[in-house]
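Contents: one structure, followed by commentary.
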Amino acid sequence: MKLIVPFALVIVIGLILGAGCVARAKNPVNVSPETTDPVVNVTPDSIIPLNGSVSVSVAGFTYPTNLSVLLDNKTVGVVNPSAPLYMMVSEGNHTIGVCADFICELENVTIKFGRYMTLDFSERLHEGVEILQPTARVVKSYKNGNVLSVDVELINPSPQDHQMTAVVRAGYSYIDERTSIKMVDSSHNTLMKTVKAGQRITETIDLNLAGGNSLSYSSPTIEELKIK
């Protein structure tokens with residue numbers, strides 16, 4: 001006996017199975033979230049600095065020793081007439097200078113990336129560094145009665161201490177009270193001090209002038225200077 005399944009029943013069963021498949025497709029599907037690139041924190045230390053090139057020279061200045069080069073008040077090297085100093089400096093405003101002993105010539109500069117700058121301090125050093133050896137000079141003088149007081153500056157730019165002896169002299173004239181004759185004379189005194197290396201001091205020395213009318217005097221000078 002043959003089993004006869006009506007065609008309509010087959011269609012119904014197919015629809016039921018199809019509905020079951022669709023229902024299962026509605027179940028939630030786990031999807032991995034989209035990945036993103038990690039966030040990188042940029043700190044000042046991780047930024048590559050932008051620099052400019054600077055050449056510092058003293059080609060036209062004669063000096064017996066190397067001269068110190070300053071960058072923002074810090075020594076960064078030395079320079080001499082035959083050897084300039086080349087350096088890389090970060091962008092921005094800076095102060096660059098050259099020092100001969102305790103005399104420094106400074107310049108404010110603006111450094112830009114990719115720019116080459118040359119700084120020659122020769123002329124300024126010639127004008128500003130007038131003292132290369134231990135010396136003495138008269139700063140000022142003033143009269144008090146028959147005494148001429150003289151302020152003397154002793155300067156020691158050398159790397160060692162020195163005993164400095166300076167003889168100070170001034171000429172003067174006056175009218176003698178008894179004879180009414182104009183007299184001409186001079187007065188001198190000696191100043192002796194020890195001046196430490198790289199230092200300068202100012203001391204006062206008195207010159208005695210003879211009494212009389214119409215007293216006048218010439219500018220005092222350093223007649224002799226001895227260095228030990």
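We did not get these values from a lab; they are worked out from the coordinates using the rules stated. Keep in mind the model is a prediction, meaning the values are calculated, not measured. Glycine also receives a Cβ, built like all others from the backbone with ideal geometry; neighbour counts cover every protein chain displayed.
Set the Förster radius R0 to 41 Å, insert the Cβ-Cβ distance between N146 and E123 as r into 1/(1 + (r/R0)^6), and round the FRET efficiency to 0.05. After rounding to 0.05, the efficiency reads 0.35. Label-to-label distance, K182 versus T165, with points set 7 angstrom from Cα along the beta-carbon direction: 3.7 nm. Stretching the chain fully between M87 and N108 yields a gain of 6.0 nm (0.36 nm per residue, less the alpha carbon separation).
A Förster distance of 41 Å, applied to the separation of the beta-carbon atoms of T221 and I48, puts the FRET efficiency at 0.10.
Among residues other than P220 with Cβ under 15 Å from its Cβ, the summed charge is -3 (Lys and Arg +1, Asp and Glu -1). Think of each Lys and Arg Cβ as +1 and each Asp and Glu Cβ as -1; about the Cα centre, that makes the dipole of region 135-227 roughly 160 debye.
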